[in-house]
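Asks: This is the structure, below, for whatever I ask next.
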Amino acid sequence: KAGVTQTPRYLIKTRGQQVTLSCSPISGHRSVSWYQQTPGQGLQFLFEYFSETQRNKGNFPGRFSGRQFSNSRSEMNVSTLELGDSALYLCASSLVQASYEQYFGPGTRLTVT
Amino acid sequence: TQLLEQSPQFLSIQEGENLTVYCNSSSVFSSLQWYRQEPGEGPVLLVTVVTGGEVKKLKRLTFQFGDARKDSSLHITAAQPGDTGLYLCAGAATSGTYKYIFGTGTRLKVLA
């Protein structure tokens with residue numbers, strides 16, 4: 001069974017721009033969660049999507065948004081990029097909503113200059 | 001706010017040595033997971049512990065959940081260079097809305 005895939009793997013953007021990241025979950029998994037990982041803050045939960053609806057949300061500003069499609073694929077969008085948004089963005093899929101067993105993709109490394 | 005503190009933060013040991021990593025919180029977790037993350041990759045789930053006092057073994061790795069479900073430990077016997085990586089504990093909050101919290105991480109380097 002194929003794992004979680006994320007595209008692109010690396011991205012360089014300029015402050016003020018916006019970016020869209022993509023995540024394809026494991027086949028059959030209906031929940032997708034997004035995380036931000038930085039050396040200073042560690043792994044922090046952004047939000048979770050299940051059946052095309054955002055079910056849970058972490059403490060991030062409204063510049064961070066996402067959506068999920070009917071095939072469970074998910075996208076995350078960050079608008080008006082700031083230097084502090086530079087991070088590894090990870091998505092994780094699970095079979096059910098609010099699962100405590102998650103399977104992570106390799107991440108997208110975003111650098112904001 | 002539920003936090004998970006891991007110790008030590010960094011660990012560099014020789015191949016063949018034993019080590020223990022700790023994950024502590026003042027809050028109760030309904031379950032706790034351990035992950036290992038290698039550079040350039042996402043975390044990989046190693047184990048889930050659910051019951052207070054539970055012990056699980058995965059080859060040379062032994063995981064224990066505290067009796068009060070507030071802490072956990074990971075013990076590695078006869079460490080090998082392939083064990084090198086970032087070890088993360090994570091827990092599901094027991095109250096309020098769903099929150100999945102990751103620990104601060106322990107970066108392990110095993111030298112050949």
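Bear in mind that the values in this text are calculations on the coordinates, not laboratory data. Fair warning: this is a prediction, and the values are worked out from it, not measured in the lab. When we count neighbours, we look across all protein chains shown, and the Cβ atoms used for this are built from the backbone with ideal geometry, even at glycine.
Asks: Would you kindly derive the ³J(HN,Hα) couplings of segment A:98-113 from the backbone phi angles with the Karplus curve 6.51 cos²θ - 1.76 cosθ + 1.60 (θ = phi - 60°), listing them in order in whole Hz, with x for Gly and Pro?
Replies: Listing the rounded values in order: 6, 7, 9, 10, 10, 10, 8, x, x, x, 10, 8, 9, 10, 10, 10 Hz.
Asks: Could you tell me which chymotrypsin sites (Phe, Trp or Tyr not before Pro) in segment A:60-99 are loop residues by DSSP with no more than 13 other beta carbons within 10 angstrom of their beta carbon?
Replies: Those satisfying the criteria are A:F69.
Asks: Among A:Q41, B:G82, A:Y10, which residue has its Cα furthest toward the positive end of the charge dipole of the protein assembly as shown, with +1 on Lys/Arg Cβ and -1 on Asp/Glu Cβ?
Replies: A:Y10
Asks: Restricting to Cα pairs below 8 Å that are 6+ residues apart, what does the relative contact order work out to for chain A? Please round to a whole percent.
Replies: Contact order relative to length: 37 percent.
Asks: Same structure, new question: What does the convex hull of the alpha-carbon atoms of segment A:28-113 project to on average, in nm²?
Replies: Convex hull of Cα atoms, orientation-averaged projection: 5.5 nm².
Asks: Rounded if a/c is under 1.5, else prolate if a/b is larger than b/c, else oblate: which is segment B:26-112, with a ≥ b ≥ c the root eigenvalues of its Cα gyration tensor?
Replies: oblate
Asks: May I pose another question? Might you report the magnitude of the Cβ-based charge dipole of the protein assembly as shown about its Cα centre, with Lys and Arg at +1 and Asp and Glu at -1, to the nearest 20 debye?
Replies: 400 debye
Asks: Hey, could you grab the Kirkwood Rh for the protein assembly as shown? Inverse mean 1/r over distinct alpha carbon pairs, Å, one decimal.
Replies: For the protein assembly as shown, the Kirkwood estimate is 18.0 Å.
Asks: Hey, what do the phi angles of segment B:34-48 turn into as Karplus ³J(HN,Hα) couplings, whole Hz, using 6.51/-1.76/1.60 and θ = phi - 60°, x for Gly and Pro?
Replies: 10, 10, 10, 10, 9, x, x, 10, x, x, 10, 5, 9, 7, 10
Asks: Whole-Hz Karplus ³J(HN,Hα) for segment A:76-87, in order, using 6.51 cos²θ - 1.76 cosθ + 1.60 and θ = phi - 60°, x for Gly and Pro?
Replies: So the J values, rounded to whole Hz, are 10, 10, 10, 9, 6, 4, 10, 4, x, 7, 4, 5.
Asks: Please state the charge dipole magnitude for chain B, taken about the Cα centre, from unit charges on C-beta atoms (+1 on K and R, -1 on D and E), reported in debye and rounded to the nearest 20.
Replies: Magnitude of the dipole: close to 160 debye.
Asks: Search the structure for amide H atoms under 5 Å from the amide H of A:R55, placed 1.01 Å from N in the peptide plane, and list their residues when 5 or more places away or on another chain.
Replies: Under 5 Å from the amide H of A:R55: A:E48, A:Y49, A:F50.
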